[in-house]
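All remarks here apply to the structure that follows.
The values are calculated or read from the model by the stated rules, or taken from the named source; none is laboratory data. None of the values given here were measured: they were computed from a predicted structure. We place every Cβ from the backbone using ideal geometry, glycine too, and count neighbours over all the protein chains shown. What goes into the accessible areas is simple: the full protein's heavy atoms, side chains included, and nothing from ligands, DNA or RNA. Shrake-Rupley method; radii C 1.70, N 1.55, O 1.52, S 1.80 Å.
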Amino acid sequence: MFQDVKPSSFGGTFIVKAASDACTPEDLTSEQKLIAQTASQFAMECSVCKVYSSEAFDTVVDEALQLHGGAGFIQDYEIESVYRDSRINRIFEGTNEINRLVLPMHFLRKVKSGELVLNQETLEQAYGAIKEENDLLPLEKKAVHTVRYLLLLLLSEALKVAKEHIVHEQEALMKLSNLAIGLYAMESAVIRTEKAVRKNGKENEQLKVDLTELVVDLTMREVRDEATQLINGIATGKKHQALHYELQTVMSDFQYEGTFTKTRRVADSLIESDRYTC
Ligand SMILES: Cc1cc2nc3c(=O)[nH]c(=O)nc-3n(C[C@H](O)[C@H](O)[C@H](O)COP(=O)(O)OP(=O)(O)OC[C@H]3O[C@@H](n4cnc5c(N)ncnc54)[C@H](O)[C@@H]3O)c2cc1C
């Protein structure tokens, strides 16, 4: 499958060859096998990037068409084809639903192999990280640790309830997946922005800081909603109450201020850059 696609970032044709149904492992050289094996370790990250980027792109394109008004809906304007073409990204290369279902399977495999131990100690460690002090982007790092803790907590609760049937609990898997996607998106933004700020100073990297704060704000609102739905789906009685209490407690710090100002600064910098078309 996907023989005609050449993803340049993963060793081009090697990986396409490795992924092909028509190709057996015996056809591969040792170097090609090594590349395929190494790339497969990043399967989780690939799923996250595919789902997150295709949905972010759809949001951008949808808004861009809206800005054109009725003109955006007719073929004379480039945005019409961009809007139509963007839609396929959620369908091919693994539909987003299938990528979402596949994602938690990687965690479950790690739990089964013992690589990820979901016990009290792991949860306490994850909870402890939320309390760590940070000099740069403290709230954003706290958000990353909070979502990691929630993901581990809710994965462990879902496993307790569904046991080996968890693989059939698609609604729960989708929600867990959304937490993992949010976590990855926030952590990537935080790490990149921290690196830039340490190198160039905050005053020169205000745009990255604003964007990171806005991503974290948006993601934490989504996480709150996804986690709420997951708890409502998997827990009952006292456990249901306790999980909601825990969710509220760990989420209580994430009330962002000045979001309109930050959004306007981002918009101003886009206008100043004068790099958009249509
Ligand atoms: C323009 C275009 C280019 C393409 N290029 C290629 C290519 O180069 N190489 C190639 O191999 N293929 C290609 N495809 C095929 C593409 O990969 C498939 O369309 C895609 O994998 C989805 O399969 P399907 O269309 O059979 O949908 P189905 O598998 O029938 O799925 C239908 C819908 O149900 C959802 N769904 C299915 N199972 C579940 C579930 N358990 N839970 C929740 N939702 C579920 C899916 O996400 C999807 O939204 C292309 C398709 C298009 C339209």
- Message: Applying a 10 Å radius around every beta-carbon, put 52-59, 69-76, 184-191 in order of their mean neighbour count, most first.
- Response: 184-191, 52-59, 69-76
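Could you give the C-alpha radius of gyration of the chain expressed as a fraction of 2.2 N^0.38 Å, taking N as the number of residues it contains?
Details: Rg = 21.2 Å, N = 278, 2.2 N^0.38 = 18.7 Å.
Dividing the Cα Rg of the chain by 2.2 N^0.38 Å gives 1.14.
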- Candidates I181, I166, I88, ranked by Gaussian network fluctuation over the chain, Cα under 10 Å, top entry: I88
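Give me the extension gain from D253 to F73: residue separation times 0.36 nm, minus the current Cα-Cα distance, reported in nm with one decimal. Walk me through the numbers on the way to the answer.
Working: separation 180, 0.36 × 180 = 64.80 nm, distance 4.22 nm.
In short, 60.6 nm is gained.
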- Query: Round to a whole number: what % of the accessible area of the chain belongs to carbon and sulfur, probe 1.4 Å?
  - Reply: 55 percent
- Residue (of Q75, S188, L116) at the positive-pole extreme of the chain, dipole from beta-carbon charges: L116
- Dipole in debye (nearest 20) - region 99-273, about Cα centre, beta carbon charges: Lys, Arg +1; Asp, Glu -1: 400 debye
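Place the peptides 267-273, 231-237 in order of packing, highest mean first, counting for every residue the other Cβ atoms within 10 Å and averaging per peptide.
So the order, starting with the most tightly packed, is 231-237, 267-273.
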